[in-house]
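Here's the structure we're looking at; comments come further down.
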Amino acid sequence: MNVQNLADTARTLVAVDKGLLAMDESNPTCNKRFAKLNIPQTVEARRAYRELIITTPGLGECISGVILYDETIRQQKQDGTLFLKVLADAGIIPGIKVDTGAKDLAAHFGEKITEGLDGLRDRLKEYFQMGARFAKWRAVLTIGESIPSRSCIEANAHALARYAALCQEAGLVPIVEPEVLMDGDHTLDRCRAVTEEVLRTVFNQLNSQRVLLEGMILKPNMVLPGLTCPPHQEVEEEDIGEQQYQVRLADRQPEEEQDVDEVADITVKSLWRTVPAAVPGVAFLSGGQSPELASARLNTMNHRFKSQLPWALAFSFARAIQQPALEIWQGKEANVKAAQQALLHRARCNRAARRGEYSAAMEKL
Ligand code: 13P
């Protein structure tokens, strides 16, 4: 294990004001998102969409690394150039999702365990040889009556730690993603308590598996109330259309501003309590928040706390960066430029959020 290389890569991924773009949706997830917009669910449509993303002019100004999927890392532009070459030319580090998905955890109704450890050492070796320099594994924890159970938290934390150790052995920086889902009617405080328990368990397991904290990135959820927790009402992923964004912005209410402050405070407090200072960066997932709220919340965290934090607070969003672009593209060549502009806009908003300089006015430009 080359400790220096791992630490350098991890620091580069969260350097200054850049962040990660997750485009590692599995084929079924990508197809589901395409189906909602009547985009054909074919290899070619997925390839064309990923080409649109990585050829967005100026993407490298805001994005340090992209997370690819096994299908995508092997793909090429229409002109035959490997996606990996396009990324290298843009100064973007390629990463790869290596878990094989969250499956039902036996004897634990409503809970999941992420699989993918079998054969992982060989797969990591191949991805490193192809040029990947970091990897991602996502565990999902659901909040409900009596869940997540202690055994589900421990099983997922153990798998994350085993994955992380194998990544570092192969020269890849592990992105460790324990996601506490927004689904449910739980309160903000319940999410805080669960998130803290999960993160504490994950770091205990990372330590027992001898993972080098300097050579990893944590990808957690922000601490948020459940989607159906009254009176808080979030917009569901599928309800977020381009026009609705405009409506939401025009209707931005004072309580939404207050919510942003509360979420920022409680999220940072939870991280402070649980994430060791040796970790170079925390790169949040967006989890189904609207793109603007994800940017606003990250911005407030950096604006209020950046100078006091031991780790960088960055982003590793999929939906909160991609969704507006996907809705504009709709699978049509004629919409590629406009979709790329929307993608770059979101990337720039999140770069501003890293500096604590994002404002709602940026959305009106
Ligand atoms: P979202 O930002 O859409 O939550 O996706 C992040 C991710 O990588 C999920 O694994």
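The values are calculated or read from the model by the stated rules, or taken from the named source; none is laboratory data. The structure presented is a predicted model; accordingly, all values stated were derived computationally and were not measured. Heads up, the Cβs are rebuilt from the backbone with ideal geometry, glycines too, and the neighbour counts pull from every protein chain shown. Each accessible area value is taken on the protein alone, full model and side chains, heavy atoms only, with ligands, DNA and RNA left out. Shrake-Rupley method; radii C 1.70, N 1.55, O 1.52, S 1.80 Å.
The Cα center of segment 143-191 and the Cα center of segment 94-140 differ in position by 12 Å.
Just subtract the alpha-carbon distance of residue 332 and residue 118 from 0.36 nm times their residue separation and send over the number in nm, one decimal.
Separation in residues times 0.36 nm, less the Cα-Cα distance, equals 73.1 nm.
In segment 55-155, taking the dipole from charged Cβ atoms about the Cα centre, the farthest positive-side position among 152, 55, 72 is held by 55.
Taking 2.2 N^0.38 Å as the expected size of a compact globular protein, what ratio does the Cα radius of gyration of segment 125-224 give against it, to two decimals?
1.13
Heavy-atom accessible area with a 1.4 Å probe sorts 69, 163, largest first, into 69, 163.
Each of 215, 305, 264 was placed along the dipole of the chain (beta-carbon charges, centred on the mean Cα), and the one lying farthest toward the positive end is 215. A probe of 1.4 angstrom, applied to the heavy atoms of all protein chains, finds residue 311 with accessible area near 10 square angstrom. Spacing of the modelled spin labels on residue 150 and residue 265, each 7 Å from Cα toward Cβ, amounts to 3.2 nm.
Of 61, 292, which has the most accessible area with a 1.4 Å probe, and how do the rest follow in descending order? Write down the numbers at each step before the final one.
Values: 61 80, 292 10 Å².
Per-residue accessible area, sorted high to low, gives 61, 292.
With 25 Å as the limit, the listed pairs 97/125; 103/332; 97/337 have 103/332; 97/337 beyond it between alpha carbons.
The residues packed around residue 76, meaning those with a beta-carbon under 11 Å from its beta-carbon, carry a net charge of +3 if Lys and Arg are +1 and Asp and Glu are -1.
Note on segment 1-151: Rg/Rh from Cα positions, Kirkwood definition for Rh, rounded to two decimals, is 1.01. Within the chain, the proportion of C-alpha pairs whose separation exceeds 27 Å stands at 43%. For the set 136/269; 85/219; 18/306, the pairs lying more than 19 angstrom apart at their alpha carbons are 136/269; 85/219. Helical runs (DSSP H, four residues minimum) scored at -39500 (n - 2.57) apiece and divided by the length of the chain put the mean residue ellipticity at 222 nm at -15000 deg cm²/dmol. Please name which of 45, 108, 90 has its Cα lying farthest along the dipole of segment 32-129 towards the positive end, using unit charges on Cβ (Lys, Arg +1; Asp, Glu -1) and the Cα centre as origin. It is 45, whose Cα lies furthest towards the positive end. Between residue 208 and residue 29, the FRET efficiency from the beta-carbon distance, with R0 = 45 Å, is close to 0.90. Distance between the modelled labels on residue 200 and residue 355, one decimal in nanometres: 3.9 nm (7 Å Cα→Cβ projection). A viscosity of 0.890 mPa s and a temperature of 25 °C, combined with the Kirkwood radius over C-alpha pairs in the Stokes-Einstein formula, give segment 272-365 a diffusion coefficient of 174 µm²/s.
Sorting 158, 303 by accessible area puts them as 303, 158; the probe is 1.4 Å, largest comes first, and only protein heavy atoms count.
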